[in-house]
Amino acid sequence: MSDHHHHDDDPIGEHDRPLSGPALRVKALESLLVEKGLVDPAALDELIDTFENRVGPRNGARVVARAWVDPAYKQRLLANGGAAIAELGLAGRGEEIVVLENTPKVRNMVVCTLCSCYPWSVLGLPPVWYKSAPYRSRAVIDPRGVLKELGGEIPDDVELRVWDSTAELRYLVLPERPAGTEGWSEGQLAEIVTRDAMIGVAQAAVPAGSGR
Amino acid sequence: MNGVHDMGGMHGMGPVVIEMDEPVFHSEWEARAYAITVAAAFHRKWNIDMSRYSRERMPPARYLAASYYERWLFGLETLLVEQGLVTATELETGCAEARSGGTRALGVPGVAAFLRDRLKARLDDDVPPKFKPGDRVVARNIHPVGHTRLPRYARGRRGVIDRDHGVFTFADTNAMSRDKKPQHLYSVRFAARELWGPDASARDSVFVLLWDDHLEPA
């Protein structure tokens, strides 16, 4: 029978280390930085609010929807992503963005194998799966396997291009406009453009049962 | 450095699992870790490449076990001490020995501009390109112990220049000695079969962003 009062196999039990764990470390570090005058708590709140409430995949969806309805805009977007995104008044100015166009014959998929580079200004902060070892390791060697696992298997005769974000350039995938969306407004179109479609691991689709 | 962060092509990491309706941050500490990391960079004691290199130096077993923001926290603590914004004693005790005498902290009005400009790496320097689109190149077979943006899977492999993006700060030297070493940055296309052998799809390719110093004519 085990002896519940025996702690030799747990020499540094959590209860003995009040400052263990990232939550407490971050709290202690923030207090220290504030005390030293190195960070301003109000600016921290603003940094968090920016990505919790104002900048996220809805920004990228607006760019895609505009490109779908305005061919001249699409040409500008493909020629100079950052400048065309700035036209919509989004925070993309300054971020170098290359837009990759999906076609019936070519699909694009974005990864950062070395860290987790991601187009913050149009998609917000990256999701956990994008930053995870499984995606970072497999996207370049087995992209078709990854897509299949995520439910988006692509036919053999479609070319797949994987883009590894190894510099200060960010990629945004311009998905194909789905059939059945003729006559939709830009706002309606933006609603069906998902984050994963703009990373290139899914396609934009009309939701099943959509009554539009 | 040939570290575990250089994950492209590794096996055994498991399936890719997408969380539905994922929150931007999974807990309050993640949000604060992100914010103090960005705000601390405002003092310009380090650049984005030094920041990446600080995370890559996390011991490999810990790196693999850590979450994204735990890696950020490790990198931030490393840089704060290395660059003298915080002493090792202050970090350990959590008590400030002295107020910082340096630059002012990032304030609310500066947040949007700082987020916009912090990654700027394009330079105006008039440097001629060594390659042009269509040129055949080979990625150098180098194994620097410091920071590099040339992934292991591409080293020694043949590719084709797809696009010249213009002159950029060279991340490899910027991380180690703050030397921007202005040079052209290219999208280089590598056939999947060149990288992964005959089992890969003949149609597919991987595009890697590489600088002049990473490449040689093929």
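One table, with the values for the structure above:
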read-out: Out of B:123, B:185, B:115, sole residue that is farther than 21 Å from residue A:141 by Cβ and at pLDDT below 95; value: B:115
read-out: Any hit, segment B:179-186, residues being crowded, with 21+ Cβ neighbours inside 10 Å, touching a Lys or Arg at 6+ places or on another chain (Cβ under 6 Å) and not assigned by TED's automatic domain parsing to the domain that holds residue B:42; value: no
read-out: Within segment A:94-195, strands (runs of 3 or more DSSP E) holding 2 or more residues that are more than 21 Å from residue B:192 (Cα to Cα) and assigned by TED's automatic domain parsing to the domain that holds residue A:75; value: A:97-101, A:170-174
read-out: Conditions (1) among the acidic types (Asp, Glu); (2) more than 19 Å from the chain's Cα centre (by Cα); (3) surrounded by fewer than 14 Cβ atoms within 10 Å (Cβ to Cβ); number of the one not met by residue B:90; value: (3)
read-out: Selection within segment B:163-217 - more than 10 Å from chain A (Cβ to nearest Cβ), more than 13 Å from residue A:162 (Cβ to Cβ) and among the hydrophobic types (A, V, I, L, M, F, W, C); value: B:167, B:175, B:176, B:215
read-out: Extreme residue, surrounded by the fewest Cβ atoms within 10 Å (Cβ to Cβ), among residues of segment B:45-65 that are of a type in the set (A, V, I, L, M, F, W, C) and under 27 Å from residue B:120 (Cα atoms); value: B:48
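A quick yes/no check of all residues on (1) under 30 Å from residue B:101 (Cα atoms); (2) within 8 Å of chain A (Cβ to nearest Cβ):
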site: B:10; (1), (2): no, yes
site: B:17; (1), (2): no, yes
site: B:27; (1), (2): no, yes
site: B:36; (1), (2): yes, yes
site: B:50; (1), (2): yes, no
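The values are calculated or read from the model by the stated rules, or taken from the named source; none is laboratory data. Keep in mind it's a predicted model, so treat the numbers as computed, not measured. No Cβ is skipped: glycine too gets one built from the backbone with ideal geometry, and neighbour counts run over all protein chains shown.
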